[in-house]
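One structure is given below, encoded as structure tokens.
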Amino acid sequence: MERRAVSGIILTLLLVNMLAWAFNIQPTKAEPRTITVPDDYPTIQEAINNANEGDTIFVRNGTYYENVVVNKTVSLVGENRSTTIIDANYTGSVVAVVSDSVAVASFTMRNSGNAWDGLWFGSGIRILASNCNI
């Protein structure tokens with residue numbers, strides 16, 4: 001009989017402790033961070049894909065051969081506008097901004113465009129959003 005009572009008390013205390021712990025968990029907002037390319041990710045797009053809203057993506061000097069789609073509210077900052085280059089290799093826009101409130105600074109963007117039936121498509125930067133700072 002005593003054994004049953006002790007087991008019941010222990011089980012009750014354990015259950016109360018677990019419930020108290022479960023209801024004490026509160027969501028926290030992550031602080032904005034700085035992601036560095038190529039230190040943290042080898043490409044600008046990979047850094048954007050792994051960023052959270054509000055993060056800053058800092059891109060070191062170099063030439064990055066890619067088409068970048070900014071689909072999150074982030075800041076994209078090059079180390080030096082003369083030596084931090086995004087080159088689209090003549091395939092579409094160099095940078096397409098599709099999320100609101102994006103900031104892009106300190107880049108050279110070059111070699112955009114697609115030849116299709118004699119027409120050139122693409123631009124250095126294409127903005128399909130609002131409240132952006134370029």
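Annotations
- Flag for Asn89 being within 20 Å of Ser123 (Cα to Cα) and over 13 Å from the mean Cα position of the chain (by Cα): yes
- Checking each residue in the range 51-104 for being part of a loop (DSSP other than H, G, I, E, B) and open to solvent by less than 30 Å² (accessible area, probe 1.4 Å) picks out Ala51, Asp55, Glu66, Val74, Ala88, Gly92, Ser93, Val94, Ser99, Val102.
Yes/no matrix, rows are residues, columns are (1) at pLDDT below 70; (2) exposed (fewer than 10 other Cβ atoms within 10 Å of the Cβ):
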residue: Met1; (1), (2): yes, yes
residue: Leu11; (1), (2): no, no
residue: Thr28; (1), (2): yes, yes
residue: Glu31; (1), (2): no, yes
residue: Asp40; (1), (2): no, no
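The values are calculated or read from the model by the stated rules, or taken from the named source; none is laboratory data. Just so it is clear, the structure is predicted and the values come from calculations on it, not from any experiment. When we count neighbours, we look across all protein chains shown, and the Cβ atoms used for this are built from the backbone with ideal geometry, even at glycine. What goes into the accessible areas is simple: the full protein's heavy atoms, side chains included, and nothing from ligands, DNA or RNA. Shrake-Rupley method; radii C 1.70, N 1.55, O 1.52, S 1.80 Å.
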